[in-house]
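Read through the structure below, which is laid out as structure tokens, and then see the notes.
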Amino acid sequence: MTSNQGLGITQGNLKTNQDILVLGIETSCDETAASVVRNGREILSNSVYSQIALHTVYGGVVPEIASRAHVEKIDIVVQQALKQADKSLTDVDAIAVTYGPGLVGALLVGVSYAKALAFSLRKPLVAVNHIEGHICANYLTYKELNPPGLCLVVSGGHSHLISVSEQDEYHLIGCTQDDAAGEAFDKAARVLGLPYPGGPALDKLAETGDDAALLLPKPKTQGRYDYSFSGLKTAFINALHNMNQQGKTYQPQDMAASFRKAVVDSLVEKTLLAAKETGAKRIMLAGGVSANRLLRRRMEEECRQANISLYMPDLSLCGDNAAMIAAAGYRQYMKGHTADLHLNAVPALRLV
Ligand code: KG4
Ligand code: ZN
């Protein structure tokens with residue numbers, strides 16, 4: 001299934017022998033981002049305004065605050081991206097925007113802005129699934145990389161194993177039965193008193209800890225390639241609670257390292273199992289959690305041993321950004337997939 005079913009797709013008049021410039025726009029959560037990408041591979045600019053400072057006091061993203069901040073920043077961020085790329089709006093061939101999944105009020109800011117731009121400039125509009133964007137961050141990092149491959153998508157809302165076909169078709173191989181990996185990291189970090197966003201803070205703390213300090217249960221799942229992090233998270237919270245109640249001391253870095261190891265063990269084990277059993281020769285990582293240091297190290301080790309090629313987005317492209325949206329938008333645009341002005345935000349949009 002492609003990401004733009006039911007959007008009034010039209011076949012665009014494609015330039016074939018020239019560079020194609022796509023302006024990407026991303027406002028699905030707490031980053032207002034715009035980027036200009038050439039031919040789906042070369043980042044000319046990548047402007048990101050992070051709202052972290054606005055949400056930190058609340059310990060998480062407040063949707064209303066996110067929407068308002070997107071409205072305030074979107075124009076500035078787009079102008080910045082054009083300036084950095086040394087391009088004007090008239091140079092752009094298509095405007096790609098994230099239309100889901102994400103927070104509805106946040107998505108609507110980007111979608112409305114992109115529609116207005118496309119209408120006023122008479123440029124094609126391309127609707128991009130945020131998760132497909134994360135996968136396409138790999139094509140920006142590795143200029144020669146093309147699917148097929150097996151992709152582990154690990155973000156705040158997703159822990160999916162997706163098989164990507166040569167034609168960019170996506171098939172679900174496995175997914176989390178409950179919490180996403182990023183969500184689990186964020187919750188564990190909160191219990192350790194780490195600031196939002198917890199995942200990167202827990203990862204950093206874990207680097208100096210003993211990962212054998214706390215024994216955590218191995219997640220049980222129904223499907224061979226599925227994940228489950230809710231039980232792990234509860235076991236972690238209970239263990240800390242019990243130690244606190246019993247007046248036992250522990251080193252936060254040891255707890256962080258033990259939790260990180262348990263999550264990463266599960267992600268690596270299932271991904272490698274699926275790759276071996278499905279015969280995949282390439283593994284790609286995607287999403288915010290693909291910045292996790294241990295996950296990257298372990299994947300490198302295991303893929304080397306299994307003789308599987310590993311692709312991981314550059315650290316600057318793991319979190320939410322608009323270059324990945326422009327890269328995904330380029331691929332859609334080259335297939336003639338454009339959206340009309342009825343495009344709406346789809347908060348629960350699925351890729352598979
Ligand atoms: O892909 P992303 O930026 O946004 C979504 O689309 O959800 O992912 C954000 C998630 C958050 O849960 C964040 O804590 C987690 O990715 N994350 C990490 C790391 N960096 C970001 N989790 C573990 N280790 C990291 N280094
Ligand atoms: Zn994301």
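The values are calculated or read from the model by the stated rules, or taken from the named source; none is laboratory data. Predicted model, so just to flag it, every value in this text is computed and none were measured. Don't worry about glycine lacking a Cβ; one is built from the backbone with ideal geometry, like all the others, and counts go over all protein chains shown. To get the accessible areas, we keep the full protein, side chains included, count just its heavy atoms, and leave off ligands, DNA and RNA. Shrake-Rupley method; radii C 1.70, N 1.55, O 1.52, S 1.80 Å.
Distance between the pseudo-spin-label points of Asp75 and His241 (7 Å out from Cα toward the beta carbon): 5.0 nm. Students often get this wrong: which residues of the stretch 325-352 have the backbone nitrogen under 17 Å from the point 7 angstrom along Cα-to-C-beta of His171? Counting only backbone N, you get 351-352. Of the accessible area of the chain, computed with a 1.4 Å probe over protein heavy atoms only, carbon and sulfur atoms account for 51 percent.
Rolling a 1.4 Å probe over the heavy atoms of the protein chains gives the stretch 287-352 an accessible area of 42 Å² per residue. A protection proxy built from the mean count of other Cβ atoms within 10 Å ranks the segments 296-307, 111-122, most packed first, as 111-122, 296-307. Calculate the FRET efficiency for Ala348 and Lys248 from the Cβ-Cβ distance with a Förster distance of 41 Å, rounded to the nearest 0.05. Result of the calculation: an efficiency of 0.45. With the charge dipole of the stretch 292-352 set up from +1 on Lys and Arg Cβ and -1 on Asp and Glu Cβ about the Cα centre, the Cα lying farthest toward the positive end among the listed residues Ile325, Ala348, Gln305 is that of Gln305. For Asn307 and Glu207, a Förster radius of 35 Å and the Cβ-Cβ distance give a FRET efficiency of 0.75, rounded to the nearest 0.05.
Pairs from the list Lys220/Lys248; Lys87/Lys143; Lys143/Lys335; Lys87/Lys115 with a Cα-Cα gap above 25 Å: Lys220/Lys248. Ranked by the mean number of other Cβ atoms within 10 Å of their residues, highest first, the peptides 164-177, 315-328 fall in the order 315-328, 164-177. Short-range pairs are left out: with C-alpha atoms under 8 Å and at least six residues apart, the relative contact order of the stretch 152-276 is 28 percent. Placing unit charges on the Cβ atoms only, positive for Lys and Arg and negative for Asp and Glu, gives the chain a dipole magnitude near 220 debye about its Cα centre. Take the Cα of Thr278, go 7 Å toward its beta carbon, and the backbone nitrogen atoms of the stretch 308-352 under 17 Å from that spot belong to 308-312, 351-352. Ignoring lysines fewer than eight residues from Lys187 along the same chain, the ones with Cα atoms less than 19 angstrom from its Cα are Lys204, Lys218, Lys233, Lys261. The translational diffusion coefficient of the chain, from Stokes-Einstein at 37 °C and 0.692 mPa s with a Kirkwood hydrodynamic radius over alpha carbon pairs, comes to 159 µm²/s.
Annotation note: trypsin sites (Lys or Arg not before Pro) in the stretch 194-276 located in DSSP loop regions with a Cβ neighbour count of at most 15 within 10 Å are Lys220, Arg224, Lys248.
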